[in-house]
């Protein structure tokens, strides 16, 4: 049996939201930066079976990914498997579940069928992930902090601009309010269609001249301030759809309340509702989680080094 343990993805914002018809200009669209965390993570197993079987959380999505991957295999390698999703967070909470589940399923089947050397970008192309952001795609293999260069027309997955392994002692606290998922599917497409404004050049400079250098030297205060600023600016193009820089007033209030505790690196992941805080050590993370746990579910985790494969 093959078990794949995949991280969760935090997306801190896009560099550039393209306007209608802009894809024809050849400008890189989307891009941005994010980081991979160990929890809550995705765990998928695959074992040989007489017929395909899919069990566990989001089994129907796992089946779609598995069939896409199987159809890309040479016919002589298309054997049935029992696929079990052992662990997976809820969809549409800002943790990149679709991409991590798709890649975990594909990786398990790739290893089981003798194609374990395929990169995360190759796996993503086979199961149809990476249409906009490639943070979760590259992060599946590499973990850490990742900067996505943005996608040009015709590229299956946008290239990686930078990768930084964050200090081992840093921790991440996740805050996920129990609210109904809203920003996906039709609502997400509408939000992108209505997006306007923003300053892509400013966001790229902020990532390249502030976020990456601070991460490389382990300066938690400078890193936190730059992440908070980037996250707020990245929300500007979606102000019309969201009613503000964040997906809801609840998230904005939560972020500002965490900042008021002296934590600088706070933001919203993707469309939320998950918010995150990057802090200097486990004691600070635990103290912060204890302070807010009566108000919102909290998870203390660390930055991931990427997925793991186990043969059980």
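A compact table of results
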read-out	value
Restricting the range 175-202 to residues that are touching a helix residue (DSSP H, G or I) at 6+ places or on another chain (Cβ under 9 Å) and at pLDDT 85 or above, the residue that is farthest from residue 149 (Cα to Cα)	177
Where residue 252 falls short, out of the listed (1) within 21 Å of the chain's Cα centre (by Cα); (2) farther than 27 Å from residue 209 by Cα	(2)
Any hit, the range 160-171, residues being modelled with pLDDT of 95 or more, part of a loop (DSSP other than H, G, I, E, B) and under 17 Å from the mean Cα position of the chain (by Cα)	yes
Test set (1) at pLDDT 95 or above; (2) within 21 Å of residue 165 (Cα to Cα); (3) touching a helix residue (DSSP H, G or I) at 6+ places or on another chain (Cβ under 8 Å) - residue 44 fails condition number	(2)
Test: residue in the range 71-89 that is under 13 Å from the mean Cα position of the chain (by Cα) and more than 21 Å from residue 28 (Cβ to Cβ)	yes
Tally of residues being closer than 18 Å to residue 96 by Cβ and touching a helix residue (DSSP H, G or I) at 6+ places or on another chain (Cβ under 7 Å) across the range 132-155	9
Number of the exception - residue 256 against (1) in a helix (DSSP H, G or I); (2) over 29 Å from residue 306 (Cβ atoms); (3) at pLDDT 95 or above; (4) touching a helix residue (DSSP H, G or I) at 6+ places or on another chain (Cβ under 7 Å)	(4)
In the range 46-65, residue farthest from the chain's Cα centre (by Cα) [restricted to those that are surrounded by fewer than 15 Cβ atoms within 10 Å (Cβ to Cβ) and outside any helix (DSSP H, G or I)]	50
Residue list for the range 66-90, filter: surrounded by fewer than 20 Cβ atoms within 10 Å (Cβ to Cβ), in contact with a helix residue (DSSP H, G or I) (Cβ under 8 Å, 6 or more places away or on another chain), in contact (Cβ under 8 Å) with a residue 40 or more places away in the chain and outside any loop (DSSP other than H, G, I, E, B)	68
Set 204, 232: member being surrounded by fewer than 20 Cβ atoms within 10 Å (Cβ to Cβ) and in a helix (DSSP H, G or I)	232
Criterion (in contact (Cβ under 8 Å) with a residue 24 or more places away in the chain, within 26 Å of residue 229 (Cβ to Cβ) and not in a strand (DSSP E or B)) met by exactly one of 98, 34, 13	13
Subset of the range 91-105 (residues that are within 24 Å of residue 33 (Cα to Cα) and either surrounded by 24 or more Cβ atoms within 10 Å (Cβ to Cβ) or within 8 Å of the chain's Cα centre (by Cα) (or both))	94, 95, 96, 97, 99, 100, 101, 102, 103, 104
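The values are calculated or read from the model by the stated rules, or taken from the named source; none is laboratory data. The structure presented is a predicted model; accordingly, all values stated were derived computationally and were not measured. Positions of Cβ are backbone-derived with ideal geometry, glycine not excepted, and every protein chain shown enters the neighbour counts.
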